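Participant: Please see the structure below; I have some questions.
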Amino acid sequence: MYGYDEPVYMISVVAKVLEVHPQTLRQYEREGLINPGRSGGRVRLYSQRDIDEIKLVLRLTRELGVNLAGVDAVLKLKRQMSEMEAEIKDLKKRLANVNENGIVIKGKEVVPAASRRITVVEQKD
């Protein structure tokens, strides 16, 4: 069995499975909506992740009437959300390294020491 991100499907197979013309897939690539892998001979190869993203593009365009510029915006936001979720997961993992006294173990700081400096300014009446 192949991994979710492993490019193994040729364009003709993907086009047939998704019931689209291969030229549609090439257009999506030109628009930057998808980025299939390439074989040594420069043949486009799609992963299961690519296929799922194409399904999302098709749903947005066919069922919801979103144009390709809108699809591009949706995909960018979706990728940003995934990155943020990964960052949150990492931060939660780092926070788990705080000991029972609430002291952060050296080298495990969530916020680097340089950015924790506080400057107190006296307010004049």
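Values in this text are rule-based calculations from the coordinates and carry no lab data. What you are looking at is a predicted structure, and each value in this text was computed from that prediction instead of being measured. Cβ coordinates were reconstructed from backbone atoms using ideal geometry, including for glycine residues, and neighbour counts include every protein chain displayed.
Participant: Taking R0 as 30 Å, what's the FRET efficiency between Leu58 and Glu87 from their Cβ-Cβ distance, rounded to 0.05?
Facilitator: Details: r = 30 Å, r/R0 = 0.99.
Calculated transfer efficiency: 0.50.
Participant: Out of residues 5 or more away from Gly37 or on other chains, whose amide H comes under 5 Å of its own, with H placed 1.01 Å from N in the peptide plane?
Facilitator: Close amide H contacts, sequence-distant or interchain: Leu45, Ser47.
Participant: Go ahead and run the numbers for FRET between Arg79 and Glu6, Cβ-Cβ distance against an R0 of 22 Å, rounding to 0.05.
Facilitator: With a Förster radius of 22 Å, E is 0.70.
Participant: Hey, another quick one. Please sort by residue number the GluC sites (Glu not before Pro) in the stretch 20-78 whose DSSP state is loop and whose Cβ has at most 14 other Cβ atoms within 10 Å.
Facilitator: Glu31
Participant: While we're here: For the pairs Lys55/Lys89; Lys55/Lys76; Lys16/Lys55, flag any whose C-alpha to C-alpha distance is greater than 18 Å. Intermediate values should be presented prior to the final figure.
Facilitator: Working: Lys55/Lys89 27 Å; Lys55/Lys76 16 Å; Lys16/Lys55 13 Å.
Cα-Cα > 18 Å for Lys55/Lys89; rest within.
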